[in-house]
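To start, the structure under review is shown below, and the notes come after it.
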Amino acid sequence: MAEVAITFSVLPEESDYDMKAMENSVRKVLDGKCRISNLEEKEIAFGLKKLNLEVVVKDDEGEQDRIEELLRSVDGVGQVDAEDMSLV
């Protein structure tokens, strides 16, 4: 079965949120549910940071929504946006 790589932008609820703690929580909640191919902290502007996350999942209907729901369940996550999707 084909796989897709999905890139997400994960923003915190508060601009001063501990991004390392959020990164660890994201890794924990996604463990065993998908493959994380990239996870890095990026500065947006004026001290606001986000996590850029790329995961690889099976090309099944609803996989993107399932991952988004998991990400939204992480403590401190304020917004999750899927930015890109491509076949692997």
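The numbers here are math on the coordinates, done by the rules we state, and not lab data. Only a predicted model underlies this, so the values are computations on that prediction, with no experimental measurement involved. Cβ: placed from backbone, ideal geometry, glycine included. Neighbour counts: every protein chain shown.
Could you list, in sequence order, all residues of the range 31-88 that are within 10 Å of F8 (Cβ to Cβ), crowded, with 16+ Cβ neighbours inside 10 Å and acidic (D, E)?
E54, E68
Given I36, I67, I44, which one is out of contact with any Asp or Glu (no Cβ under 9 Å at 6 or more places or on another chain) and in a strand (DSSP E or B)?
Residue meeting the stated conditions: I44.
When the range 10-43 is examined, which residues are found to be among the hydrophobic types (A, V, I, L, M, F, W, C) and either within 26 Å of V88 (Cα to Cα) or free of Cβ contacts under 8 Å to residues at least 12 places away in the same chain (or both)? Walk me through how you get there before you give the answer.
To start, the set of residues in the range 10-43 that are among the hydrophobic types (A, V, I, L, M, F, W, C) comprises 10-11, 19, 21-22, 26, 29-30, 34, 36, 39.
Correct list: V10, L11, V26, V29, L30, C34, I36, L39.
Residues being surrounded by 13 or more Cβ atoms within 10 Å (Cβ to Cβ), out of contact with any strand residue (DSSP E or B) (no Cβ under 8 Å at 6 or more places or on another chain) and of a type outside the set (A, V, I, L, M, F, W, C): count how many of those fall in the range 1-24. Talk me through it step by step, then tell me what you get.
Initial filter on the range 1-24 (surrounded by 13 or more Cβ atoms within 10 Å (Cβ to Cβ)): 3-12, 17, 19, 21-23.
Filter again for out of contact with any strand residue (DSSP E or B) (no Cβ under 8 Å at 6 or more places or on another chain), leaving 17, 21.
Subset that is of a type outside the set (A, V, I, L, M, F, W, C): 17.
So the answer is 1.
Quick one: which of S9, S15, S25 is out of contact with any helix residue (DSSP H, G or I) (no Cβ under 9 Å at 6 or more places or on another chain) and in a strand (DSSP E or B)?
Residue meeting the stated conditions: S9.
Among the residues of the range 1-59, count how many are among the aromatic types (F, W, Y) and either in contact with a Cys (Cβ under 9 Å, 6 or more places away or on another chain) or closer than 20 Å to D75 by Cα (or both).
2
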